[in-house]
Amino acid sequence: MRLNDLLNQTSEWLKATGTESEIVMSSRVRFARNIKGLAFSHWADEKQKKEILTKTKQALLKNKYLNNSLFLVMDELNDLDKQFLVERHLISRELTADGGCKAVDVSEKELFSIMINEEDHLRLQVMRSGLELKESLRLLDKLDSELRRNFDYACNSKWGYLTACPTNVGTGMRASVMIHLPALVMTKRIGKVLESIGRINLAVRGLYGEGTEASGNFFQISNQITLGHSEQELVDDIDRVIKQVVEYEKGARELLLKNSRHQLEDEIWRAYGILTNARIVSSLEAIGLLSAIRLGVNLSIINKVDIKSINELFITTQPAHLQKIEGKDLNPQERDLKRGDLLRDKLK
């Protein structure tokens, strides 16, 4: 598999096939792991980082869950390719920084991605469509167990897995969902919901995780605590909270349909009208308007397009994807034109 082959496939988490996928776009579970006896990535010198890269690559090539995977060394990629991987949620922005013998291994259907020499030696992640945290944990456990056959992890009987960041010590796990809450935003109930989530030690972030703001009414909700709880307990807690949030969103949608249907339909059809006719569309504008259309499709107000296609547009209209599709570098103005062309074509 080559990097550009990813353009021709739909990421597993965009397929709109999982539980509650009309509201929960995706579930992700990530493990932070370090190899016993080797310095953490931030403290390791170049020789040690090369050793980490070599050892982990050999282990990944043997892993039965990573057959036909795509192994990419960051120093061998240009900035566009790196941004492309960030937009697909396969790597973090931290992995794109120069130097450090960094790499990523991406499974054939983008179900798994493994970052090497980011904050920790290994960051293993699985992403699935819909509210599928429990299944995601089960799959990642299998990948993790297979890797453990090749080397020992840095682990302590009292503290659990040892990680570069103290907040990850324990299970080393972060579980998160990407959830679409337009009705709660429209009814101005989102503030209370997010405030309640924060009080129970869950973090709320934007579309691209830590350091990003919510856009398109999408929010990432994840655990903040890993120490003193098992992976299953943490996942069960988040799963329970997300199910409550989903019910709040459904209630807000019913309220809008009952009390403000004409205004709701107007906002949705205006968004559709703009994106099926506009020639110049910015990235931020596209996300906001696609959010309204996604709500319209879920409420059966719009039946001209399916949720999977809308989900894909959130990614393919991003700057690096547009340039990969076009096959050349585009300046911001050219990207806005290309984005308009792509949206008109796909939505009509």
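None of the figures in this text is laboratory data; all of them are computed from the coordinates on show. What you see is a predicted model; the values in this text were computed from it and never measured. Neighbour counts are summed over all protein chains in view; Cβ atoms, including those assigned to glycine, are modelled from backbone coordinates with ideal geometry.
Some points to look at:
- Rg over Rh [alpha-carbon atoms, Kirkwood Rh] for the chain: 0.98
- Value of [θ]222 nm, deg cm²/dmol, for the chain, DSSP H segments ≥ 4, -39500 (n - 2.57) each, nearest 500: -14000 deg cm²/dmol
- Using the Cβ-Cβ distance between Lys62 and Leu337 with R0 set to 45 Å, the FRET efficiency from 1/(1 + (r/R0)^6) comes to roughly 0.45.
- Extending 7 Å from Cα along the Cβ direction at Lys188 and again at Asp152 yields two label points whose distance is 6.0 nm.
- Trypsin sites (Lys or Arg not before Pro) lying in DSSP loop within segment 118-152, provided at most 15 other Cβ fall within 10 Å: Arg148, Arg149
- Candidates per trypsin sites (Lys or Arg not before Pro) in segment 217-302, loop by DSSP, up to 11 other Cβ within 10 Å: Arg279
- Label-point gap, in nm, between Glu254 and Ser145 - each point 7 angstrom along Cα→Cβ: 4.1
- Loop chymotrypsin sites (Phe, Trp or Tyr not before Pro), segment 37-67, which have at most 12 other Cβ atoms in a 10 Å radius of their Cβ (DSSP): Trp43
- Most to least packed among 79-91, 50-62 [average Cβ atoms within 10 Å]: 79-91, 50-62
- Entry note: segment 260-347 has Rg to Rh equal to 1.00, where both radii use alpha-carbon atoms and Rh is the Kirkwood radius.
- Cα-based reach from Lys47 at 30 Å (exclusive), listing lysines while leaving out same-chain residues under 8 positions away: Lys36, Lys55, Lys57, Lys62, Lys64, Lys82, Lys102
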